[in-house]
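Below: one structure, written as C-alpha cells.
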Amino acid sequence: MTLLSLGINHQTAPIDIREKIAFSPEQLSGALLELQKLPAINESVIVSTCNRTEIYCDAVDDSRRAISNWLSNFHSMENNSLTPYLYQHADHEVARHLFRVASGLDSMVLGEPQILGQLKSSYDQARTGNSVNTILDRLFQHSFSVAKRVRTDTEIGSHPVSVAFSAVNLSKQIFGNLGNQRALLIGAGETIELVARHLKSQGIQSIVIANRSLEKAQILAKTLGATATSISAVPDELVNADIVISSTASQLPILGKGATEAALKQRRHRPIFMVDLAVPRDIESQVGDLEDVYLYTVDDLKNVVDENMRHRELAATAAQEIINGEVATFSQWLKTHQSADHIRQLRNQTEIIKQQCVDKAIAQFEQDNDAKKALLTLANTLTNKMLHAPTLAMRKAIKTDDQATIQFLKSLITSE
C-alpha cells in the first residue's frame with residue numbers, strides 16, 4: 001500500500017487554474033464517491049479552499065497518474081493539463097506536507113489558523129462519506145495534534161500579520177477590553193469587513209458602518225449586526241466613536257481636523273483611536289496633531305506587520321523542528337502498519353495455495369484410495385507452489401549478482 005497526496009496551491013498555480021479545479025461544498029460528496037471508485041483507491045480525503053486543492057489517498061500502488069487524470073476529468077480538463085502546477089508526495093512526505101499545512105507553514109499568510117478548521121471540515125466530510133479508514137484517520141488526527149502542539153509550543157500565531165487584525169489588536173492594546181467601546185468604520189469593502197469581524201470577535205457591541213453607498217453599508221451591517229449610515233454623517237457619528245478605522249477608495253480626505261476638533265469638544269476630550277488604512281489617506285494628517293487623537297496610518301501598521309512576520313518566521317523554524325520529529329513518529333507507525341498488511345497478504349496467499357493443494361490431494365485420494373500417493377501429491381504440489389516465486393527471484397538475483405537478495409532468500413530456508 002502507498003500513502004499519496006497531490007494538489008496545487010497559491011505557490012504553484014495562478015488563481016485561474018485554482019478556481020477551475022476547486023470543489024464546491026455541493027460537489028464534494030459526489031467527488032469522494034467517484035474517487036473511491038478508482039480500482040486502486042482504498043481511502044481518500046479531498047481538501048479544497050480558495051488557495052489550495054489537495055487529494056490524500058491510501059492506494060494499493062502508486063496511483064498518482066490515475067488520480068491526476070481523475071481530477072482533470074472531474075473538472076472537464078484535458079489529461080496532463082495540470083501537470084505543470086501539481087506537487088506530489090508519497091508515504092512519510094505526505095505526513096510532512098500535511099503537518100506543515102495544518103500548522104499554517106504552507107499558507108499564503110504564514111501561521112494563519114483558518115486552514116486547520118478547513119482541514120477538519122474536509123476530514124469530517126470524508127468520514128461521513130465513508131472514504132476514511134485506518135491510514136487517513138491516523139494521518140489527519142496526527143496532523144491536528146501537531147498543529148495544536150505548534151500553536152502551543154511556538155509563537156507562530158502570536159503576532160498579527162494582516163493590517164485589519166493589527167488595527168484591531170492595536171485598539172485592544174490601547175483600550176484593553178473592547179466590550180464597552182464604540183467603533184465607527186468608514187468604507188464597506190473587504191478590509192472593513194475583516195476589521196468588523198475582528199472587532200466582533202473581541203466583544204465589541206456597537207459598530208457603525210459609514211459608506212458613500214448607503215445600500216452597500218446596509219448589506220454589510222446586516223451580516224454583522226451593525227448600524228449603517230451615509231458617509232456624510234461621519235462628523236456626527238464621530239462624537240460617539242472611540243475607535244475609527246477607515247478604508248475607502250476616495251481620492252480626497254473624508255475626515256479633517258476641524259470636524260475632529262468639534263467632536264472632541266462634545267466628547268469632553270475623551271480620546272479617539274484612529275487607523276487610516278486607505279491610500280490616498282482618508283484622514284487628514286493634521287488630525288494626528290490633536291492632543292486626544294491617536295492616529296495610525298497603513299505605513300505604521302505595515303512596520304508592525306513586517307516585524308511580526310519576522311517573529312513568525314523565527315517561530316516557523318521551531319515549528320519545522322517539531323514537525324520533523326512528528327513525521328518520524330508517524331513514519332514508524334506507517335511502516336509497522338504496512339508491514340502488518342504485507343504479512344496479512346502473505347498469509348492470505350499462502351492459505352489459498354494450501355487449500356488448492358489440499359483439494360488436489362483429496363481428489364487424488366478419492367480417485368484411487370491410495371493415502372500414501374495422495375500425501376506425496378500434497379507435499380510435492382505444496383513445495384512446488386511455495387518455492388515458485390522464490391526460485392524465480394533467486395535466478396534473477398544470481399543472474400545480476402545481487403548478493404543481498406541471494407543471502408536473504410537462502411536465509412528463508414536455512415535450518416537452525
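Assess whether Glu215 counts as being over 27 Å from Val304 (Cα atoms) and acidic (Asp, Glu).
Considered against the rule, which asks whether it is over 27 Å from Val304 (Cα atoms) and acidic (Asp, Glu), Glu215 comes out as yes.
Go through Ser29, Ser81 for me and flag whichever is assigned to a loop (DSSP other than H, G, I, E, B), out of contact with any strand residue (DSSP E or B) (no Cβ under 9 Å at 6 or more places or on another chain), hydroxyl-bearing (Ser, Thr, Tyr) and on the phi < 0 side of the Ramachandran plot.
Exactly one residue qualifies, and that residue is Ser81.
So which of Ala66, Ala22, Ala40 ends up being surrounded by fewer than 19 Cβ atoms within 10 Å (Cβ to Cβ) and closer than 21 Å to Leu139 by Cα?
Ala40
For Ala126, which of the numbered conditions (1) under 12 Å from the mean Cα position of the chain (by Cα); (2) within 30 Å of Arg197 (Cα to Cα) fails to hold?
So the condition that Ala126 fails would be (1).
This table checks each residue for (1) in contact (Cβ under 8 Å) with a residue 40 or more places away in the chain; (2) assigned by TED's automatic domain parsing to the domain that holds Arg281; (3) over 14 Å from Ala164 (Cβ atoms).
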position	(1), (2), (3)
Leu185	yes, yes, no
Glu190	no, yes, no
Leu194	no, yes, no
Leu199	yes, yes, no
Ala210	no, yes, yes
Ser213	no, yes, yes
Ala217	no, yes, yes
Ser232	no, yes, yes
Pro235	no, yes, yes
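Run Leu82 past the list (1) surrounded by fewer than 20 Cβ atoms within 10 Å (Cβ to Cβ); (2) over 23 Å from Thr128 (Cα atoms) and report the number of the one that doesn't hold.
(1)
For the stretch 175-215, enumerate the residues that are part of a helix (DSSP H, G or I) and either crowded, with 21+ Cβ neighbours inside 10 Å or under 30 Å from the mean Cα position of the chain (by Cα) (or both).
Answer for the stretch 175-215, where residues must be part of a helix (DSSP H, G or I) and either crowded, with 21+ Cβ neighbours inside 10 Å or under 30 Å from the mean Cα position of the chain (by Cα) (or both): Glu190, Thr191, Ile192, Glu193, Leu194, Val195, Ala196, Arg197, His198, Leu199, Lys200, Ser201.
When residues of the stretch 227-251 are filtered for being in a helix (DSSP H, G or I) and not polar (S, T, N, Q), how many remain?
Residues in the stretch 227-251 being in a helix (DSSP H, G or I) and not polar (S, T, N, Q): 7 in total.
If we scan the stretch 386-408, do we find a residue that is in a helix (DSSP H, G or I), among the polar types (S, T, N, Q) and surrounded by 14 or more Cβ atoms within 10 Å (Cβ to Cβ)?
Yes: one or more hits.
Look through Leu6, Leu71, Leu38 and report the one residue that is of a type outside the set (D, E, K, R), in the same structural domain as Leu136 (by TED's automatic domain parsing) and assigned to a loop (DSSP other than H, G, I, E, B).
From the options Leu6, Leu71, Leu38, the qualifying one is Leu38.
For the stretch 139-146, check the following and say yes or no: at least one residue is modelled with pLDDT of 95 or more, assigned to a loop (DSSP other than H, G, I, E, B) and in contact with a helix residue (DSSP H, G or I) (Cβ under 7 Å, 6 or more places away or on another chain).
No: the stretch 139-146 contains no residue that is modelled with pLDDT of 95 or more, assigned to a loop (DSSP other than H, G, I, E, B) and in contact with a helix residue (DSSP H, G or I) (Cβ under 7 Å, 6 or more places away or on another chain).
I'd like the residue in the stretch 294-306 that is in contact (Cβ under 8 Å) with a residue 60 or more places away in the chain and in a helix (DSSP H, G or I) and, out of all such residues, is farthest from His159 (Cα to Cα).
Step by step, filter the stretch 294-306, then rank; the result is Val298.
As an exercise: evaluate Ile245 against (1) of a type in the set (A, V, I, L, M, F, W, C); (2) more than 30 Å from Asn303 (Cα to Cα); (3) buried (at least 21 other Cβ atoms within 10 Å of the Cβ) and give the number of the one condition it does not meet.
For Ile245, the exception is condition (2).
Scan the stretch 259-293 for residues that are assigned to a strand (DSSP E or B) and more than 20 Å from Ala196 (Cβ to Cβ) and jot them down.
Selection gives Val293 alone.
Can you find, within the stretch 155-174, the residue that is surrounded by the fewest Cβ atoms within 10 Å (Cβ to Cβ) among those that are of a type in the set (Gly, Ala, Ser), out of contact with any Ser or Thr (no Cβ under 7 Å at 6 or more places or on another chain) and in a helix (DSSP H, G or I)?
If we take residues in the stretch 155-174 being of a type in the set (Gly, Ala, Ser), out of contact with any Ser or Thr (no Cβ under 7 Å at 6 or more places or on another chain) and in a helix (DSSP H, G or I), then Ser166 is surrounded by the fewest Cβ atoms within 10 Å (Cβ to Cβ).
Applying the selection to the stretch 126-153, what residues are under 18 Å from Val94 (Cα atoms), buried (at least 19 other Cβ atoms within 10 Å of the Cβ) and not hydrophobic (A, V, I, L, M, F, W, C)?
Ser131, His142, Ser143, listed by residue number.
The values are calculated or read from the model by the stated rules, or taken from the named source; none is laboratory data. These numbers were taken from a predicted model, which means no experiment stands behind them. Quick reminder, even Gly has a Cβ in these numbers, built from the backbone with ideal geometry, and neighbours come from all protein chains shown.
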